[in-house]
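Below is one structure, written out as structure tokens; the observations come after it.
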Amino acid sequence: MADTTIDKILEVKDLDVSYQKLRILFQVSLDVDAGEVAVVVGRNGAGKTTLFRTIAGFLNQEAGTIHFNGNDIGRLRAFEVAQLGLKYIQQDKHVFSDLTVRENLELGSYATKDYDWDRVLEYFPQLKNIIDRKGGHLSGGERQMLLIAMSLLGNPGLVLMDEPTEGLAPHVITDLSHAFKKISEKTTLVIIEQNLPLTAEVADRVYAMKEGKIVAEFKDQQAIENLEFEAYL
Ligand SMILES: Nc1ncnc2c1ncn2[C@@H]1O[C@H](COP(=O)(O)OP(=O)(O)O)[C@@H](O)[C@H]1O
Ligand SMILES: [Mg+2]
């Protein structure tokens, strides 16, 4: 690939996506630099999850391109995208409820051949204390932490997180925001968030989505801290 893409870990250009005949995304473009925390904000129904599902290979675009680390991933399937090191944590926070934390991690390790649990649990020390607890007995925050830890097995270059703090208590959200900053030192994060203070806290870049379009982009730290993106929601 051309050298111009070298700092851009993710490059999405002019995506059009539909469900059956109904157009949901219109000419969506976004860039994320390696090492950033990028946040996508927007109201329910704006198309945020549809965008992530398309990047992750679960949906096909009708038009537009997606490059990850300079590779054209626009027509790859989800497992192929994951193998290249782009992971997607879905909005539903699903973990296997009959399996323990340890067994859920084991599944991630079989898939990636990465057994370095110490590395991925370093962000969430509280999971070490409940390693034998079943997924069905975890709190929402613990489930989210387990999903993030699992996503980091295999050392992905980028993780897409779909509303990771939805429904969580404020102190858990604070823990997660610290974790996001630490994780981003090694793995680029793109996060869908409805929590605007958290967005201001963690984001290096913010994209605002409305009615299937990107309506604004913010990179200026002061503008982000002043929640200027709020006007576009
Ligand atoms: N599987 C689907 N089939 C048809 N329409 C869908 C489907 N999933 C989502 N939509 C529609 O696509 C639009 C965007 O949804 P979504 O991407 O989930 O938005 P967001 O994540 O921003 O809340 C909504 O109007 C929603 O009703
Ligand atoms: Mg959504």
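The values are calculated or read from the model by the stated rules, or taken from the named source; none is laboratory data. Please read all numbers here as calculations on a predicted model, not as lab measurements. Don't worry about glycine lacking a Cβ; one is built from the backbone with ideal geometry, like all the others, and counts go over all protein chains shown. All accessible areas refer to the heavy atoms of the entire protein, side chains included, with ligands and DNA or RNA removed. Shrake-Rupley method; radii C 1.70, N 1.55, O 1.52, S 1.80 Å.
List of remarks:
- Entry comment: accessible area of the chain is 48 Å² per residue, from protein heavy atoms only and a probe of 1.4 Å.
- Scalar couplings 3J(HN,Hα) for the range 91-107, obtained by applying the Karplus form with A = 6.51, B = -1.76, C = 1.60 to θ = phi - 60°, are 5, 7, 6, 7, 10, 6, 6, 8, 9, 6, 3, 4, 5, 4, 5, 4, 4 Hz; x denotes Gly and Pro.
- Its Kirkwood hydrodynamic radius, worked out from the mean inverse distance over all distinct Cα pairs, puts the chain at 18.0 Å.
- Straight-line cross-link partners of LYS134 among the lysines, defined as a Cα under 26 Å from its Cα and at least 8 positions apart when in the same chain: LYS87, LYS93, LYS113.
- Sulfur and carbon atoms: percent of accessible area, the range 138-182 [1.4 Å]: 55
- Calculation over all alpha carbon pairs of the range 1-89 in 10 angstrom steps from 0 returns a P(r) of 17, 52, 29, 3 percent.
- Global form of the range 85-141, assessed from the alpha-carbon gyration tensor, a/c cut-off 1.5: rounded
- Angle of helix 170-183 to the longest C-alpha principal axis of the chain, folded into 0 to 90 degrees and rounded to 10: 80°.
- Rounded, prolate or oblate (a/c below 1.5 giving rounded, otherwise prolate when a/b exceeds b/c) for the range 194-233 by Cα gyration tensor: prolate
- Residue-count net charge about TYR88 - beta-carbon cut-off 11 Å; Lys, Arg +1, Asp, Glu -1: +1
- Relative contact order [Cα under 8 Å, 6+ residues apart], the range 51-134, whole percent: 22
- 5 angstrom amide H check on ILE191, placed H, neighbours 5+ away: ALA38, VAL39, VAL40, MET161
- For the peptides 147-158, 208-219, the ranking by mean Cβ contacts within 10 Å, running from highest to lowest, is 147-158, 208-219.
- Theoretical FRET efficiency, 1/(1+(r/R0)^6), r = Cβ-Cβ of ARG133 and GLU230, R0 30 Å, to 0.05: 0.20
- Pairwise Cα inverse-distance average, inverted: Kirkwood Rh of the range 24-64 (Å): 11.5
- Packing here is the average count of other Cβ atoms within 10 Å per residue, and on that basis the peptides 83-89, 176-182, highest first, run 83-89, 176-182.
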